[in-house]
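Contents: one structure, followed by commentary.
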Amino acid sequence: MPEDLLFQSEIKEVVRQAYTEIDTGAGRPAAQRLYSDVELGALPPSAVDWALGVGNPVRHAGLQPGETVLDVGCGAGIDTILAARAVGPSGRAIGLDLLEEMCDRARTHAQAAGVAEWTEFVRGEMEDIPLPDASVDVVISNGVINLSPRKSRVLAEIRRVLRPDGRISVADLTVNDELPTELQTNDAAWAG
Ligand SMILES: C[S@@+](CC[C@H](N)C(=O)[O-])C[C@H]1O[C@@H](n2cnc3c(N)ncnc32)[C@H](O)[C@@H]1O
């Protein structure tokens with residue numbers, strides 16, 4: 001087996017461990033910076049408490065009734081639920097997450113939000129999205145792609161599952177300069 005020079009498996013394990021161990025999200029004060037009062041008011045309180053994102057991708061996605069939307073790294077489902085509301089029962093919202101615990105939380109939240117009938121949560125990896133080619137109109141993602149040691153692969157997978165005229169709306173962290181070695185090799189910095 002070729003040597004894993006980019007420490008991909010170690011990074012993936014660090015991320016998995018970090019998100020398995022947390023027992024809540026960033027909480028309402030953090031969510032209030034990213035979402036409007038109307039958006040927050042339409043969500044189950046626990047879905048708001050579990051918000052872990054860095055932006056509001058649904059706001060910029062231009063979702064239309066009847067569309068199929070995929071939320072990459074859905075966490076406890078806050079954006080998947082907002083997306084499900086926007087596409088309505090004639091559409092479909094799919095949340096994808098590495099962790100079954102997150103998918104379970106998201107299912108409970110979608111049920112409480114009344115969107116469960118046209119919303120599903122799938123356990124899987126963004127580097128190998130378990131969906132067919134050209135099956136999604138819009139991909140959203142919030143604070144997730146930066147966690148991957150294989151970001152180009154994630155973008156290629158997003159391109160593959162999107163229909164030819166599909167769209168993406170992503171909120172994420174980017175790096176403009178070289179990071180100091182002590183940050184590049186810091187587990188908490190990768191996972192956070
Ligand atoms: C920062 S949280 C963001 C969650 C959600 N998007 C939100 O805004 O609340 C990152 C999420 O990505 C998931 N994740 C990490 N690596 C992943 C991977 N390789 N594939 C799919 N999901 C992943 C984690 O389990 C976690 O739920």
- Item | Cα pair distances exceeding 24 angstrom across the chain, given as percent | 36
- Residues Asp23 and Arg160, FRET efficiency given R0 of 35 Å [Cβ-Cβ distance, rounded to 0.05]: 0.50
- Task: Treat the count of other C-beta atoms within 10 Å as a stand-in for reagent exposure and order Lys12, Lys151 from fewest to most.
- Result: Lys151, Lys12
- Yeah, the stretch 98-192 with a ≥ b ≥ c from its alpha-carbon gyration tensor (a/c under 1.5 is rounded, else prolate when a/b outruns b/c, oblate otherwise) is oblate
- Would you tally the net charge around Arg150, using a Cβ to Cβ cut-off of less than 15 Å, leaving Arg150 out, and scoring K and R as +1, D and E as -1? -2
- Distant-in-sequence amide H partners of Gly95 (H built 1.01 Å from N, under 5 Å): Asp71, Glu120, Phe121, Val122
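Every number here is computed from the coordinates shown, using simple stated rules; none is lab data. All figures in this text were calculated on a predicted structure; none of them were measured in a lab. When we count neighbours, we look across all protein chains shown, and the Cβ atoms used for this are built from the backbone with ideal geometry, even at glycine.
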